């Protein structure tokens with residue numbers, strides 16, 4: 001089934017293949033190409049991008065947790081990043097097939113299990129937490145600001161993965177202005193960091209903005225940490241579709 005219905009992207013075929021998210025979103029055209037360049041580099045680290053062989057958002061991404069752009073300590077695990085099945089493809093078994101392909105890879109590589117970061121309550125931009133729990137994942141750790149660490153162990157004797165200490169408080173070390181740590185793992189990131197976030201900050205009188213270059217610094221992907229407004233009032237900005245919230 002995997003050979004006929006799904007394809008795995010490589011350096012050799014990625015130029016002619018789509019990468020699911022944002023492939024029809026014209027405003028993210030540049031970010032889309034940056035994601036492809038990011039993938040080509042990550043393939044050297046054992047990263048996998050597998051999708052249905054159709055023009056659809058049905059795919060899974062994963063790689064060695066030691067190389068993941070996520071603040072998690074999980075030696076000898078595979079880290080699942082984006083994992084989506086959307087639209088008419090839901091309920092057809094694609095999620096289970098893609099997950100099983102990752103499990104099979106983990107077994108072939110002698111990994112202790114799979115690990116992933118999700119929303120404690122479902123976030124629209126992350127994998128479905130309840131679905132993963134139904135597939136046998138266990139909740140290992142929860143952060144106070146909405147993220148959970150899930151694990152599917154293949155080796156029961158293996159140590160549990162854990163969040164790095166740097167994210168337990170939810171605060172970043174830089175306190176002046178809005179500080180953004182990001183990568184090109186998500187094709188929407190560059191557009192929103194350089195555009196939507198700037199506009200949101202101005203509307204909230206958060207005038208000083210520092211944007212980091214893409215980095216492996218230990219912050220949760222998809223989140224914007226910051227943060228100093230006027231005196232000692234701290235905030236977190238969360239961009240959702242066309243809304244922005246500061247709290």
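The values are calculated or read from the model by the stated rules, or taken from the named source; none is laboratory data. For clarity, every value in this text was computed on a predicted model and none was experimentally measured. Using ideal geometry, Cβ is built from the backbone for each residue, glycine included, and neighbour counts are taken over all protein chains shown.
Overview of results
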{"quantity": "Region 160-178, subset touching a strand residue (DSSP E or B) at 6+ places or on another chain (Cβ under 6 Å), within 17 Å of residue 73 (Cα to Cα) and crowded, with 17+ Cβ neighbours inside 10 Å, residue modelled with the lowest pLDDT", "calculated": "163"}
{"quantity": "Among (1) surrounded by 17 or more Cβ atoms within 10 Å (Cβ to Cβ); (2) assigned to a strand (DSSP E or B) - the single one residue 98 does not satisfy", "calculated": "(2)"}
{"quantity": "Residues satisfying the stated conditions in region 107-138, i.e. touching a strand residue (DSSP E or B) at 6+ places or on another chain (Cβ under 9 Å) and farther than 24 Å from residue 86 by Cα", "calculated": "109, 111, 112, 113"}
{"quantity": "Residues of region 75-95 satisfying the condition of being assigned to a helix (DSSP H, G or I) and either under 15 Å from the mean Cα position of the chain (by Cα) or at pLDDT below 90 (or both)", "calculated": "87"}
{"quantity": "Selection count where residues are part of a strand (DSSP E or B) and surrounded by fewer than 17 Cβ atoms within 10 Å (Cβ to Cβ), scope region 105-159", "calculated": "5"}
